[in-house]
Structures are given as structure tokens and as C-alpha cells.
Amino acid sequence: MSGNTIGRSFGVTSFGEAHGAAIGGIVDGCPPGLSLSEADLQLELDRRRPGQNHYTSQRREPDQIRILSGVFNGITTGTAIGLMIENKDQRHSDYEILADKFRPGHADYTYYHKYRIRDHRGGGRASARETAIRVAAGAIAKKYLFEKANILIRACLCQMGDISLAIHDWEAVKQNPFFTADPNKTDILAKQIETLRREGDSIGAAIYLEALNVPAGLGEPVFDKLDADIAHALMGINAVKAVEIGAGFAAAGERGSTHRDEITPDGFLSNHAGGILGGISSGQTIIARIALKPASSIRIPGKTVNIHNEPAEVVTTGRHDPCVGIRAVPIAEAMLAIVLMDHFLRNRGQNQ
């Protein structure tokens, strides 16, 4: 299957399915000399790992990462870094009823019509299980960018359904299971998830991301614009249906006199552009938001068709997230880090 690789100077290739033996990946282009251990990657993977609380999927995966190559005596060698995570907690029987039915709103229908064969167990390659490798690769990028350029990448849940979440306290994001910077609303979020579990339904969400201390000059002016590559990477996350950079859709209702980010000798007076001008970073904080749809794997019966295009009804059993946006926070950080790492190295090679 094509489309398994992202990046040029810092390339990430992933492989594996939700119910296969393992998922894995290759990180190519990481410079030599970076101190790196499995523990460094595990810290990020543990943030994404399912089964840690009642608010996410109850699949019990340890997500124990193994570094197979590219690191010697705790230091990157400059060669390809091989990564692998074994799948431990699979229940194939939960998906047997889907062998010849398509879940509405899922990739089942399109995978089958593209390839005429699909792995129906847990969604196969379309499962968010694959994103664990992205998080591991992103951990490498985050570590390098922070240590070499002081670039800090962070994200938080900023909306769940109709519940808007303010950004009050970044430290709180590390201390609650919802990755919210609005800790006073965790009880409301918990009640929302409990209601969804009882009803067998799901709900959408939005995530706010930012990258601080990004130097000016990353990105290209035409086809490889930094914001275009960020949008490409973020839209490639399962369930993401919209990406905003800076003011995003709000820009449609603004005037140029207020939207433009005026400049003084002391810097910019605003950041409606989200830290990117003409496809190149401006030196301001890079700001993005993503919207994730409600998961389609729910217990409420829905109309569908089978592989013979006959009408059918489907109910998804198994263990699923009532809100996929919660565990998508570290995934979004990882994808932003991968893009910034790629452009950081590309800029270094071209201009320094």
C-alpha cells in the first residue's frame, strides 16, 4: 500500500494493522549524536496508551516500544531507526460480524472498493492503533527539536461536543485524563463520557496545538509551504475532518485592517497568521487547531450494506473510545513535531 511515508529529510514510514502481530516503523534522517532510549519514547506512548482510565478504549495494550536499529550505546548513529510494538490484547471475535458488512462512517467501504480485500479485525490498517508508531517517531522529533533548538510543542483538548474548554493552565494538561488546560471542567467531561458509554454513542472534539520558539525561515514558498505540510500531516490523523492555522475559519469574517499582523521594531502586534507567512515560519508561535469527528464504531444499530450491496444492519462491539479526540492529543503533537523536524533539517541543509 502506498502512502505509508511522510517527510523528506526526516522521513517516517509505518507498517502494521490493529490485529496483526505488531506495528512498527522506520525513522530515517535523524542526525547522529542525539541521546535516545526506549524510555524517551515510552513517555510519549504512555500518554496515548489505551486502557489507562474509564474514559478511553479499554483495550489493554502495554505499547512497549523496542528500538531495533539506529541507536548505539544510547546515541543515534545517523542510520535508520527501526521501531516495533507488539500487539498483545486482541479480540478477533469482536469483529467477525463485520467480515462482510461495512460500518457506516468508517473506512471499511472505501478500503474494500479500492483493494477488494480488507482486514476487518479492528479496522486493520485504518485503525488508530497505527498511530502509536507516529507517537514514537514524534517523540524523537520532539526531543531533537527541544534539545537542539529549544522548540516546544504542546497541545490540549479545547472542545468536546458542545463543551468549550479554555486554555488556563498548561501544567494541568499533564495531570488529567482529558488533556485539558481547563481543569475546572474535568467533572463535566467525565459525566459526558459516562453518558456516552451508557448510550453506546460517541462524540466529536477539537484540539489546540502550538509550537513555541520556532525560528523564522522554515518552509518553502510554493508547493512545500510549512502550513500546507502541517495541514497534510494533521489531516492524516484518523477522524480529523478540519484543520485551521492561526485564525482559521474566523479569518473569513475579518477585514484586512484587523486581520493583518502589523510589525514594529519590537515584533508582531498580533498572530492571526498562526506563525506562518507565505508558507514560511515567521518566528512567532505556530498555532493550529483540528476537529475530529465522532467515532463511527458505536453500539447503536445503523443501516449499511454488505459486500454484495444488500441492505443490512450493523452494531459495533469491541472496545472503542467514546471520544477519539482525547487520545489524539499526543498524536497531534507527534505529527506537528515530525513536520517541524523535517523542515528544520531541510532548512539547515539548504541555508546553513
>> Need the failing condition index for D40 against (1) modelled with pLDDT under 95; (2) in a helix (DSSP H, G or I), just the number.
In response: (1)
>> Looking at region 76-105, I want the residues that are under 27 Å from N309 (Cα atoms) and among the hydrophobic types (A, V, I, L, M, F, W, C) and have a partner that is assigned to a loop (DSSP other than H, G, I, E, B) and at pLDDT 90 or above with Cβ atoms under 8 Å, at least 6 apart or on another chain. Which pairs are those?
In response: F102/I307
> Residues of region 212-224 being surrounded by 18 or more Cβ atoms within 10 Å (Cβ to Cβ) and within 10 Å of L277 (Cβ to Cβ), which ones?
Replying inline: G219
> Out of curiosity, is A18 at pLDDT below 95, closer than 19 Å to A126 by Cβ, among the aliphatic types (A, V, I, L, M) and crowded, with 16+ Cβ neighbours inside 10 Å?
Replying inline: yes
> Do any strands (runs of 3 or more DSSP E) lying entirely in region 275-352 carry at least 2 residues that are in contact with a Cys (Cβ under 9 Å, 6 or more places away or on another chain) and either at pLDDT 90 or above or not hydroxyl-bearing (S, T, Y) (or both), and which ones are they?
Replying inline: 286-292
>> Just to be sure before I move on: is G70 surrounded by fewer than 18 Cβ atoms within 10 Å (Cβ to Cβ) and modelled with pLDDT of 95 or more in the structure I sent?
In response: no
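Please work out if G302 is touching a residue at least 40 places away in the same chain (Cβ under 8 Å), surrounded by fewer than 19 Cβ atoms within 10 Å (Cβ to Cβ) and within 30 Å of K143 (Cβ to Cβ).
Values: touching a residue at least 40 places away in the same chain (Cβ under 8 Å): yes; surrounded by fewer than 19 Cβ atoms within 10 Å (Cβ to Cβ): yes; within 30 Å of K143 (Cβ to Cβ): no.
No: the conditions fail for G302.
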> Across region 166-180, which residue is farthest from I6 (Cα to Cα) among those that are crowded, with 23+ Cβ neighbours inside 10 Å and in contact with a helix residue (DSSP H, G or I) (Cβ under 6 Å, 6 or more places away or on another chain)?
Replying inline: F178
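Would you confirm whether or not region 242-251 contains a residue that is over 17 Å from the mean Cα position of the chain (by Cα) and of a type in the set (D, E)?
No, every residue in region 242-251 fails to be over 17 Å from the mean Cα position of the chain (by Cα) and of a type in the set (D, E).
The values are calculated or read from the model by the stated rules, or taken from the named source; none is laboratory data. The shown structure was predicted, so the numbers you read here are calculated from the model rather than taken from an experiment. Positions of Cβ are generated from backbone atoms using ideal geometry, with glycine treated the same way; all protein chains shown enter the neighbour counts.
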